[in-house]
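For reference, the structure discussed in these notes is given below.
Every number in this text was worked out from the coordinates using simple rules, so none of it is lab data. This is a predicted model, so every value here is computed, not measured. Cβ atoms come from the backbone with ideal geometry, glycine included; neighbour counts cover every protein chain shown.
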Amino acid sequence: MRFFTSTIALIQAIFLPMTVLAADQYRLGTITSAVSVNSIPPNVNSFQSPQNKNALFAGRNISAGERINPGDLIDGQGDIAEASAFIGLEARRSIYHGQPVTITNFREPIMVKRNSIVRMEYMTGSLKITTEGRSLDQGGTGDLVRVMNLGSRQTVTARIVGPDAVKVGQ
């Protein structure tokens, strides 16, 4: 049995063209954990595993905030996946090639950025008031954000209705 002092040494040992029996110990303060790897075939990518046929994986590196396009996600066989539920969403964080993805990795596209000037609209009956405000938060369509009215300096909560547009009340 081999012992490795770093994660890099363990990873290098796993992907050498031989079967590896390994244990790596990590020490964090007083907590110690051990990871053992038994009989891992050489050069196996996790996204090409037969048990992951129905899973989705990143087909390329996807940066945080980047929109998902057709062909960006692949299935467990390495083919381009039909992932229409993900198309048009933005990545919450960077996702690397071959990394498994779920719906929690994505969000609706950002329509209002923090500190941007937005059009505030208040409507009741036939009365419609429109003014400008500064967004104190960011979000996508339908999200609630705090907005400071530039005229009165009052902070209100508003719902995002479009690019740089919010609706106050209701």
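Do any trypsin sites (Lys or Arg not before Pro) in segment 65-94 lie in a DSSP loop with no more than 15 other beta carbon atoms within 10 Å, and if so, which? Write down the numbers at each step before the final one.
Numbers: sites: R67, R92, R93; in loops: R92, R93.
Qualifying residues, ordered by number: R92, R93.
Please identify every one of the trypsin sites (Lys or Arg not before Pro) in segment 109-170 that sits in a loop by DSSP and has no more than 10 other beta carbons within 10 Å of its own beta carbon.
On the way: sites: K113, R114, R119, K128, R134, R146, R153, R159, K167; in loops: K113, R114, R153.
When the trypsin sites (Lys or Arg not before Pro) of segment 109-170 are filtered for loop state and at most 10 Cβ neighbours within 10 Å, R153 remain.
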Relative contact order of segment 66-170, pairs being alpha-carbon contacts under 8 Å that are 6 or more residues apart, as %: 20
Report the local net charge at R107: Lys and Arg +1, Asp and Glu -1, summed over other residues whose C-beta lies under 12 Å from its C-beta. -1
